Amino acid sequence: MIESCPPIRLYLSRVFLAMVLITTVGCAGKTLQYKDDHDRILRIDQAVESLRKSYVERDRSALEALFLPSGNLDQVQREIHADFDTFRDIQLEFSIERILIEGDNIDVFVHWQGQWKRDPAEAGTRQRGHGRLAWVGTQSILLREAQGDLPFGMGARASVGEDPARGQAKP
């Protein structure tokens with residue numbers, strides 16, 4: 001019985017080595033199956049981040065470059081420009097909740113939170129909400145519509161329902 005152990009160990013070690021080799025070769029050949037979809041989702045994420053960043057940095061030309069020329073965004077543009085005129089400091093975070101893609105149309109549902117200050121020394125206005133950003137495109141992603149409780153137009157909201165100097169609702 002002692003003489004039969006070495007051939008069994010040799011056999012088991014060869015089987016184990018073969019399994020490791022098969023697993024390694026099988027996994028090494030995997031590639032991203034839906035690369036085009038993955039790349040498009042990355043472009044969508046970059047477009048949402050560009051919208052947030054250009055709003056926070058108050059960059060009108062960068063914002064307008066993201067808007068579809070024939071889109072329904074006149075009101076959104078007016079609200080954004082009013083925010084730029086009203087606030088000196090804007091902080092904003094977007095969290096993408098979900099993305100729905102149907103052909104060229106893309107719906108991005110976001111949760112946002114932010115702080116708007118007229119003067120850097122004040123507490124400012126803090127708000128949060130949810131909205132839908134409707135984009136279009138495959139290679140170039142452009143905003144065509146914005147709906148819901150989005151952060152744009154905070155100047156009008158703050159002057160109606162809040163005391164911006166204290167960042168609290170008026171009594």
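The values are calculated or read from the model by the stated rules, or taken from the named source; none is laboratory data. Note that the structure is a prediction, hence the values are computed from the model and not measured. Cβ sites come from the backbone with ideal geometry, for glycine too, and all protein chains shown count toward neighbours.
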Note to self: Looking at residue 91 and the list (1) closer than 30 Å to residue 138 by Cβ; (2) assigned to a strand (DSSP E or B); (3) not aliphatic (A, V, I, L, M), which single condition is not satisfied?
What the structure shows: (1)
Checklist line | Filtered residue count, the range 110-134, keeping only those that are free of Cβ contacts under 8 Å to residues at least 24 places away in the same chain and not aliphatic (A, V, I, L, M) | finding: 5
Notebook entry, point to check: Looking at the range 90-120, which of its residues are of a type in the set (D, E, K, R) and surrounded by 15 or more Cβ atoms within 10 Å (Cβ to Cβ)?
Noted result: 107, 117, 118
Next item on the list: Considering only residues that are over 14 Å from residue 79 (Cβ atoms) and part of a loop (DSSP other than H, G, I, E, B), look in the range 133-151 and name the one that is nearest to the chain's Cα centre (by Cα).
Entry: 141
Note to self: Looking at residue 68 and the list (1) under 23 Å from residue 137 (Cα atoms); (2) at pLDDT 95 or above, which single condition is not satisfied?
What the structure shows: (2)
Checklist line | Looking only at the range 74-89, and only at residues there that are in contact (Cβ under 8 Å) with a residue 40 or more places away in the chain and in contact with a helix residue (DSSP H, G or I) (Cβ under 9 Å, 6 or more places away or on another chain), the one that is surrounded by the fewest Cβ atoms within 10 Å (Cβ to Cβ) | finding: 85
Next item on the list: State yes or no: is residue 52 in a helix (DSSP H, G or I) and in contact with a strand residue (DSSP E or B) (Cβ under 7 Å, 6 or more places away or on another chain)?
Entry: yes
